[in-house]
Amino acid sequence: MAYLRDCHRIVVKVGTSTLTHATGHLNLRRIQSLVKVISDMKNSGIEIVLVSSGAVSAGVAKMGYGHIPSTPEEKQAMSSIGQSELMKLYDKFFSDYGHTVAQILMTKDVLENPIRRSAAQNTFNRLLAMHCIPIVNENDAISTDELTKFGGNDILSAYIAKVTHADLLINMSDVDGLYDSDPRKNPNAQLITKVEKIDDELYKIAGGAGTDRGTGGMIAKLNAAKIVNDCGIPMFIINGQDPEILYVLLDGGHIGTYFKADKSLKEKNTDE
């Protein structure tokens, strides 16, 4: 099935574990590879919105911090420092492939306020019309409570897909997809290649937390899939260790776990 054949606009989410080494420092080779493939997708005529983690890790590396930030104040400070570092890298790498990037930092309350949500939609639409690649992250420097925080970029990417009326969300993670049991504990765990419906049974087998460098886990990814599926937007979970596997999707192949959606719901969401 050519999943990207009818996709005009795609949101790609990339997690901290994909963007960094085990040391916490940015994985420059992987970031550059990701930029190359996304640039190719853009060249093929697809509009791309990139939701990128990694700001805190970039800040830690920049400051030579000796430990993972443990307090909210430390995390906010490292995010402030690291966000500029991250955007500097993205700007350099995307410029090498002839593309312009734009930074958008989001808080949850923006999307819950009709006037501010409309302004955000207008900004995204204008940037995409100008052939820019919006790069989105949660505004960690000022997000402090449940009113402003999305709770991680898995959820943020789902809301961005919803607000931009994307045709597909691709969630790049540190796992190949959703398994029928924890592959770290069960060597015989089987990858679930396609999900028709997100139900309680699916949540039971998801379990587990993300890596030490990220905030997400499979539960967060299921929640993200539920958000977009309810709006008629399908989602993939794929392993981001080698960004070039995005070419498999671009060429019409199947990788990871695909969460099918009823596209008639997207038409309803677009009308709202």
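The values are calculated or read from the model by the stated rules, or taken from the named source; none is laboratory data. What you are looking at is a predicted structure, and each value in this text was computed from that prediction instead of being measured. Reconstructed Cβ throughout: ideal geometry from the backbone, glycine too, with neighbour counts over all protein chains shown.
Data table
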item: Positions within segment 169-195 being out of contact with any Phe, Trp or Tyr (no Cβ under 7 Å at 6 or more places or on another chain) and either surrounded by 14 or more Cβ atoms within 10 Å (Cβ to Cβ) or within 20 Å of ASP154 (Cα to Cα) (or both), in sequence order; result: LEU169, MET172, SER173, ASP174, VAL175, ASP176, GLY177, LEU178, TYR179, ASP182, PRO183
item: Where a residue in segment 17-30 is under 13 Å from LEU89 (Cα atoms) and its partner, wherever it lies, is of a type in the set (D, E, K, R) and at pLDDT 85 or above, with Cβ under 8 Å and at least six apart; result: LEU19/ARG30; LEU26/GLU85
item: Residue within segment 1-15 that is of a type in the set (Ser, Thr, Tyr), at pLDDT below 90, surrounded by fewer than 17 Cβ atoms within 10 Å (Cβ to Cβ) and more than 18 Å from GLN83 (Cβ to Cβ) present; result: no
item: Residues of segment 41-66 satisfying the condition of being farther than 18 Å from SER157 by Cα and outside any loop (DSSP other than H, G, I, E, B); result: MET41, LYS42, ASN43, SER57, ALA58, GLY59, VAL60, ALA61, LYS62, MET63
item: Filtered residues of segment 232-254 (kept if touching a Ser or Thr at 6+ places or on another chain (Cβ under 9 Å) and more than 14 Å from LYS36 (Cα to Cα)); result: GLY232, MET235, PHE236, ILE237, ILE238, ASN239, GLN241, HIS254
item: Criterion (of a type in the set (S, T, N, Q), at pLDDT 95 or above and in a helix (DSSP H, G or I)) met by exactly one of SER95, SER84; result: SER95
item: Top-ranked residue of segment 87-117 - restricted to ones that are in contact (Cβ under 8 Å) with a residue 60 or more places away in the chain and under 19 Å from the mean Cα position of the chain (by Cα), ranked as farthest from SER33 (Cα to Cα); result: LEU89
item: Failed criterion for LYS266 (all others in (1) in contact with a helix residue (DSSP H, G or I) (Cβ under 8 Å, 6 or more places away or on another chain); (2) buried (at least 19 other Cβ atoms within 10 Å of the Cβ); (3) modelled with pLDDT under 95 hold); result: (1)
item: Considering residues of segment 55-77 that are in contact (Cβ under 8 Å) with a residue 40 or more places away in the chain and buried (at least 23 other Cβ atoms within 10 Å of the Cβ) only, the residue nearest to VAL35 (Cα to Cα); result: ALA55
item: Residue list for segment 1-40, restricted to those being under 17 Å from PHE124 (Cα atoms) and part of a strand (DSSP E or B); result: ARG9, ILE10, VAL11, VAL12, LYS13
